[in-house]
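Shown next, in structure tokens, is the structure this report addresses.
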């Protein structure tokens, strides 16, 4: 058709104005109100999400603060229990020694005094020397342990000097002497021991060696160290996606570019309107990721993690009679730093932050139209996709070495300038959710 | 750009309902005309009009004010119409490419075109089969190239050209008939 004819038709078409019906504006207004309500609901939901995120951060922050203020409690549970055990045994040891000392000092002093008195009374029962020797020997043994030489010396001196009179001490006297020591309940046990020592050899009660003697700190700590060494590495299988909703829907414009169907809105608006495209509707599905990662524990708190992840992105562009479906496949390598905030019996809370580089390994554009055959174009994006992320992690150990974890967090994708619209270009900053299994060895 | 237009744009970007209504009052008749060129019945055109204005309002922040507002809106309405046709399976009935001798068809007579009123001409265009009408609208009135039309409708350039030639053929026939009627009236 000649340009003159075209111009005539174009001019007349532009003059073709048809007044709409009266109810059309009301219908538009109603739809706008509905959209506005939906937007408000989304804002409310977002407000709740943000509030929940802040609450989680406060809880995590609180745990972190508690963790700093009580550093001893941050040891692994096993270590905590063993430490408590050691402390308990130490205190028992001290207590035993104090009791022994009290018994030694009081009993010997009392004995000495009574021996002195007994010299005057010259009471000499038949079994007294054996009983006294038993008491004295026992007391002396404890004395040697505590090296309370002055008391012991006095006692020994008295014993040597008054050996004859010692025989006058009876069982009742020994009991009375021990009762006068004002010892606590442990003292009574000691008294029982003394009484047992007084039994004939054949009936002597078997005495248990105090437990504290067996407590060896190294024996407890070394296995712990070994245990920590054994958990130095962890392998994780993860699944990740963005946190809420189903699809992200938006309309935007695009124009010619290295890939003809995509271009940013700004580019569209400055480009020639006659040659650029407007997408009526765009759906960016939430990305799905799967991965395998390895974590190396540097110490009890810090760890580094790396691995490999696969990410799948799908976008659907509606353009007039055309439906374009874009599938992108990425393989990425993350590098993360892990900081453990708190360890519970089976749970642990940690922070992770780091970066990831992703490479597009495959891309496919499927074009469906009602008036033509379906076309499939394959392509790859040469530019690397960089991103940074931060997560709060909760790890639950459900079996020895096996644990399940969840990691809500935030990721920011940098613009790599490839011009291919996808979820990350539309929403470079987004909340996401990761979950997976971790095997420690 | 006029001060009032700037005010209108800013108001629409903010979602000011009064400004949205003002925009509707200014452009509704023109956009309704566009919708009617792509769909044959008025009810469908009304649906397109409402849907198109919703898209305009909800995407108004994307309008950078570097191009004309009317041009930007036209594009939204054209694409809304194309989407509607895709959803309603309108374009499937369009015939596929046949081998045409394009020289066998003569352009519509310029004089006849001039004599036709806007409504008469639009009536003829709206009477074209959906596929031909769509390509004709996009090529002649919107100014798209066949390459672009092919991209928009997911057809080959050859198909776009053939659809256009067929549209011209039908248009020529109708114009000739109309011209003959007019001549008969004069005689």
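The values are calculated or read from the model by the stated rules, or taken from the named source; none is laboratory data. Small disclaimer: the values here were computed from a predicted structure and weren't measured. Positions of Cβ are backbone-derived with ideal geometry, glycine not excepted, and every protein chain shown enters the neighbour counts.
In table form, for the structure just shown:
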{"read-out": "Matching residues, the range A:1-52, being in contact (Cβ under 8 Å) with a residue 60 or more places away in the chain and either at the interface with chain B (Cβ under 7 Å from one of its Cβ atoms) or surrounded by 14 or more Cβ atoms within 10 Å (Cβ to Cβ) (or both)", "value": "none"}
{"read-out": "Residues of the range B:9-57 that turn out to be touching a residue at least 24 places away in the same chain (Cβ under 8 Å), away from chain A (no Cβ under 11 Å) and either buried (at least 16 other Cβ atoms within 10 Å of the Cβ) or farther than 16 Å from residue B:83 by Cα (or both), as a count", "value": "5"}
{"read-out": "Of residues in the range B:138-187 being part of a loop (DSSP other than H, G, I, E, B) and buried (at least 17 other Cβ atoms within 10 Å of the Cβ), the one nearest to the other protein chains (Cβ to nearest Cβ)", "value": "B:154"}
{"read-out": "Complete set of residues in the range B:175-187 that are at pLDDT 75 or above and under 14 Å from residue B:117 (Cα atoms)", "value": "B:175, B:178, B:179"}
{"read-out": "Residue match in the range B:62-72 (condition: buried (at least 21 other Cβ atoms within 10 Å of the Cβ) and either in a helix (DSSP H, G or I) or touching a residue at least 60 places away in the same chain (Cβ under 8 Å) (or both))", "value": "yes"}
{"read-out": "Residue in the range A:347-369 that is closer than 30 Å to residue B:77 by Cβ, touching a helix residue (DSSP H, G or I) at 6+ places or on another chain (Cβ under 7 Å) and within 14 Å of chain B (Cβ to nearest Cβ) present", "value": "yes"}
{"read-out": "Test: residue in the range A:339-352 that is without any contact (Cβ under 8 Å) to a residue 12 or more places away in the chain and in the same structural domain as residue A:428 (by TED's automatic domain parsing)", "value": "no"}
{"read-out": "Single residue of the range A:382-407 satisfying the filter (modelled with pLDDT under 90 and in a loop (DSSP other than H, G, I, E, B)) that is surrounded by the fewest Cβ atoms within 10 Å (Cβ to Cβ)", "value": "A:400"}
{"read-out": "Residues within the range B:40-60 that are more than 15 Å from the chain's Cα centre (by Cα) and closer than 11 Å to residue B:80 by Cα, tallied", "value": "7"}
{"read-out": "Which numbered condition residue A:413 fails, given (1) farther than 17 Å from residue A:289 by Cα; (2) away from chain B (no Cβ under 14 Å); (3) crowded, with 16+ Cβ neighbours inside 10 Å", "value": "(1)"}
{"read-out": "Selection from the range A:257-307 of residues that are within 14 Å of chain B (Cβ to nearest Cβ), at pLDDT 50 or above and crowded, with 20+ Cβ neighbours inside 10 Å", "value": "A:278, A:279, A:280, A:282"}
